[in-house]
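The structure appears below as structure tokens.
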Amino acid sequence: MATYKRPDGREYDETRKIEAKVGVVKRADGSAMFSFGSSRAIAAVYGPRQLHPQHLQNPEKCLLRCYYDMLPFSVAERKRPGPSRRSTEISYVTTSALSPVLKLEAFPNAVIDVYILIIEADASTRCAGINAASLALAHAGVPMTELVSAVSIGKIGDAIVADITKEEEDYKIKKDGKEIKAATDIPMAILSRANKLSLLQLDGKVTLDELKEAIALGKKTCKKIVEIQKQALKKVKEE
Ligand code: UDP
């Protein structure tokens, strides 16, 4: 039995409050907001539209471009505006997490741009961004095999927990009089129907069995998340 106690009193398999809303950016072709507690992302989709310059066009399929960024005051210590190595990496993994569900061959020579902005951040923002982007793409009417859902699973102390916060990401224990990091962050994106992962990252250390446990918890959590996403899409259709 694990002994770690979550600072906000949540169960190990409990996420923060999830909110999802579709159609939050009127000028976009599709848009959505998704939040885990105070980690909040807005995604706006533009396209599919013809790609310029022409030499970038692919006659076989549409180009998907995702841009992730955080507002400077979304975090406790102001983030310098503009792209960084971190935002470039997250934009890249977001693109590859979403690509497997999109029927990009339906739009040769075209581009779909997905802008993801983090309004407030308390860890797991790449996952909130993927969830918002997946909803925004569906709202834009892009043909998809299914929605993508993402969550950050963590090994914090001796426990595998769902939807970690910044405080949990920074969790330390005392060993031989020294403070050492005792948190591993494992963000993942799941295609629930296909039962496949489209993103798996790992920052820290875990054993193979712990990784398997983390993936199982990720899949279980994403089954709940995808239902919330579907409800949000249904709501906007009814409006
Ligand atoms: N963070 C920050 N300043 C930065 C980048 C990140 O304070 O410039 C915080 C923010 O709360 C973020 C968390 O660190 O959510 C974890 O960042 P990470 O790179 O692990 O990505 P995330 O967990 O947000 O997907």
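Just so it is clear, none of the values below were taken in a lab; they were calculated from the coordinates. Predicted, not measured: the structure shown is a model, and the values here were computed from it. Cβ atoms come from the backbone with ideal geometry, glycine included; neighbour counts cover every protein chain shown.
Values computed for the structure shown
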item: ³J(HN,Hα), Karplus 6.51/-1.76/1.60, whole Hz, each residue of the stretch 223-228, x for Gly, Pro; result: 5, 6, 5, 5, 5, 5
item: Where the Cα pairs of the chain fall when distances are cut into 5 Å bins, in %; result: 1, 7, 14, 18, 19, 16, 11, 7, 4, 2, 1, 0, 0
item: Ordering of 211-223, 173-185 by burial proxy (mean other Cβ atoms within 10 Å per residue, highest first); result: 211-223, 173-185
item: Helix-only [θ]222 nm of the chain, DSSP H runs n ≥ 4, -39500 (n - 2.57) each, per residue, nearest 500; result: -9000 deg cm²/dmol
item: Whole-percent pair-distance distribution, where bins are 10 Å wide, for the alpha carbons of the stretch 124-171; result: 25, 39, 22, 13, 1
item: Inverse of mean 1/r across different Cα pairs in the stretch 87-204, Kirkwood, Å; result: 15.6
item: Local net charge near Thr165, Cβ-Cβ under 10 Å (Lys/Arg +1, Asp/Glu -1); result: -3
item: Relative contact order %, the chain, counting alpha carbon pairs below 8 Å whose residues are six or more apart; result: 22
item: Mean Cα-pair separation over length for the stretch 81-202, i.e. relative contact order, pairs under 8 Å, 6 or more apart, %; result: 23
